[in-house]
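Report on the following structure.
Each value in this text was obtained by applying a stated rule to the coordinates, not by laboratory testing. Quantities reported herein were computed from a predicted structural model and do not represent experimental measurements. Here the Cβ positions follow ideal geometry from the backbone for every residue, glycine too, while neighbour counts run over all protein chains shown.
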Amino acid sequence: MKVILREDIKNLGYKDDVVEVKSGYGRNYLIPQGKASLATESALKMLAEDLRQREFKQDKLKKDAEAMASKLEGASITVATKAGASGKIFGSITSLQIANALKEKGFDVDRRKIVTDDIKELGTHSATVNLFKEISASISIEVITE
């Protein structure tokens, strides 16, 4: 039985893959749970059209991400926080603080796309902003005391 997957299923395939499964597995589990649909001729045509439109949208998102990455690459931001005499800060610098500092500079970046190590000391640190699947930019973060 051929089915079109509606979501990623471990050891079977990814969303929108057309896979061959045993009839009982498809009829009794995948289709009733909404995880797959029958791969009829009309469903396959609709899938092809959806994939074509999605690819067009993905190309636009990728171009926007590349433009943002070229602007962000090497950018430097400053985050002020409370710190002790030894240079250790109280708490840590979060991705939300970094996103707010980037927003002040004119870059609208989602905080969930910012990847850093734990920043718990004053000084210069680096972070990576993942803008798209394989597109990312590195930024420099200067942590100063208030």
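For the chain, give me the percentage of DSSP beta bridges that are antiparallel, rounded to the nearest 5 percent. Don't jump to the answer; show the numbers that get you there.
Details: 20 of 26 bridges.
Antiparallel bridges: around 75 percent, rounded to the nearest 5.
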> How far apart, in nm, are the 7 Å Cα→Cβ label points at E104 and D117?
Replying inline: 2.5 nm
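Rounded to the nearest 0.05, what FRET efficiency do K88 and S126 give with R0 = 25 Å and r taken as the Cβ-Cβ distance? Could you check? Write down the numbers at each step before the final one.
Numbers: r = 19 Å, r/R0 = 0.76.
Step by step, r from the Cβ atoms, then E = 0.85.
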>> Taking the Cα centre as origin and putting +1 on Lys and Arg beta-carbons and -1 on Asp and Glu beta-carbons, what dipole magnitude results for the chain, to the nearest 20 debye?
In response: 440 debye
> Tell me which lysines have Cα within less than 17 Å of K103's Cα, excluding those fewer than 8 residues away on the same chain?
Replying inline: K71, K113
>> Please compute the contact order of segment 40-122 in relative form: average sequence separation of alpha-carbon pairs under 8 Å and at least six residues apart, divided by the residue count, as a percent.
In response: 25 percent
> With point charges of +1 on the Cβ of Lys and Arg and -1 on the Cβ of Asp and Glu, referenced to the Cα centre of segment 53-105, which listed residue (S70, I98, A83) lies farthest in the positive direction of the dipole?
Replying inline: A83
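Tell me the mean residue ellipticity at 222 nm calculated for the chain from its helices only (DSSP H runs of n ≥ 4, each -39500 (n - 2.57), averaged over every residue, nearest 500). Spell out each step's value before the answer.
Details: 2 runs with 42 residues, N = 146.
Value at 222 nm, helices only, nearest 500: -10000 deg cm²/dmol.
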>> Can you compute the radius of gyration and Dmax for segment 68-145, using only the Cα atoms, both in Å?
In response: 12.3, 41
> Modelled label-to-label distance, A43 and E142, 7 Å Cα→beta-carbon offset: nm?
Replying inline: 5.9 nm
